[in-house]
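What follows is one structure encoded as structure tokens, with my remarks underneath.
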Amino acid sequence: MARINFIELPAGDIGSARTFYSALFGWELTNYGPSYSCTTTGNVDLGLQGDMSEASSAPLPVVLVENIDAAQAAVVNAGGTISKSVFAFRGCRRFHFLDPNGFELAIMQTD
């Protein structure tokens, strides 16, 4: 079943964002390079995107699916617009899309 896997936040100052969320909630963040960190609880996790050229302008809900190709076709068939083509990163593939109101979401499949 598709579910929101994590919410990604733009973080212009990734260091202060890591420190803030760790101090505030006691969250352990895994660093994926100098500009990205996220919790890895297996529930709904929080991602921090410090590369502002890659960051969305608002929080980005990410939905986990079993078949990314079928999900991409479903987005298009439902009237959504692909805003970022499928790309791979550490154990996953993901794409971004805009809903009919222009809100950006992402869909991800783990390898």
If you take Cα extents along the principal axes in Å from the coordinates, which of (1) 33, 32, 23; (2) 41, 32, 26; (3) 43, 25, 21 do you get? (3)
Can you pull the accessible area of Ile4 for me, 1.4 Å probe, Å² to the nearest 10? 80
Averaged per residue, what accessible surface does the stretch 5-89 expose to a 1.4 Å probe, in Å²? 55
Go through the stretch 9-15 residue by residue and turn each phi into a ³J(HN,Hα) via Karplus (6.51, -1.76, 1.60, θ = phi - 60°); whole Hz please, and just put x for glycine and proline. 10, x, 9, x, 10, 4, x
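In nm, what is the difference between 0.36 nm times the number of residues separating Asn101 and Thr30 and their Cα-Cα distance?
Fully extending the segment from Asn101 to Thr30 adds 22.3 nm.
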Sequence-distant or interchain residues sharing an amide H contact under 5 Å with Gln49, placed H: which? Leu9, Ala11
Calculate for the chain the 222 nm mean residue ellipticity that helices alone would give, adding -39,500 (n - 2.57) per DSSP H run of length 4 or more and normalising by residue count, nearest 500 deg cm²/dmol. -6000 deg cm²/dmol
Under 10 Å, Cα contacts only: if you run a Gaussian network model on the chain, which one of Phe25, Phe89, Phe97 comes out with the highest mean-square fluctuation? Phe25
Summing Lys, Arg as +1 and Asp, Glu as -1, what charge do residues with Cβ under 13 Å from the Cβ of Asp51 carry, Asp51 excluded? -3
With +1 on the Cβ of every Lys and Arg and -1 on the Cβ of every Asp and Glu, the dipole magnitude of the chain about its Cα centre, in debye rounded to the nearest 20, is 60
In degrees, nearest 10, the alpha-carbon axis of helix 68-77 is tilted away from the dominant principal axis of the alpha carbons of the chain by 60
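The values are calculated or read from the model by the stated rules, or taken from the named source; none is laboratory data. No experiment lies behind these values; they were computed from the predicted model shown. Neighbour counts are summed over all protein chains in view; Cβ atoms, including those assigned to glycine, are modelled from backbone coordinates with ideal geometry. Note: areas computed on protein heavy atoms with side chains; ligands, DNA, RNA excluded. Shrake-Rupley method; radii C 1.70, N 1.55, O 1.52, S 1.80 Å.
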